[in-house]
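Here is the structure we will look at, set down as structure tokens.
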Amino acid sequence: MAVIKLRKSSNGLKSWKRLSSDVKRRQKQEFCAFYTPMGRMVSKPAGKRPRHMHPEEWCAAKTPFKNKVIKSY
């Protein structure tokens, strides 16, 4: 746990405050699948998907199969 020093304004005395050690952790990104002419591929993309991008295109965006996704919709 972290401890910080506080200065009280009323009488000028210092006090110590303990900070919580709880840390919000990001959820782990799920694997997602997309289809290319070579078959089914799986990736684990980082970050949030842009709204204008289809989920399958986003899965392939940072792989060598960027523009080769076969759309199933």
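Where does each of LYS68, LYS28 land when they are ranked from fewest to most other beta-carbon atoms within 10 angstrom?
Values: LYS68 14, LYS28 7.
With the fewest neighbours first, LYS68, LYS28 line up as LYS28, LYS68.
Using Cβ counts within 10 Å as a stand-in for footprinting exposure, how do ARG40, ARG49 rank, fewest first? Spell out each step's value before the answer.
Numbers: ARG40 9, ARG49 14.
So the ranking, lowest neighbour count to highest, is ARG40, ARG49.
What percentage of all Cα-Cα pairs in segment 34-73 are separated by more than 14 Å?
Across segment 34-73, Cα pairs with separations above 14 Å total 36 percent.
For the residue pair THR36 and LYS66, what label-to-label distance in nm results when each label sits 7 Å from Cα along the Cα-to-beta-carbon direction?
Computed distance between label sites THR36 and LYS66 equals 1.3 nm.
Rule-based calculations on the coordinates, nothing more; no lab input. Worth saying up front: this structure is predicted, and the values here are computed from it rather than measured. Reconstructed Cβ throughout: ideal geometry from the backbone, glycine too, with neighbour counts over all protein chains shown.
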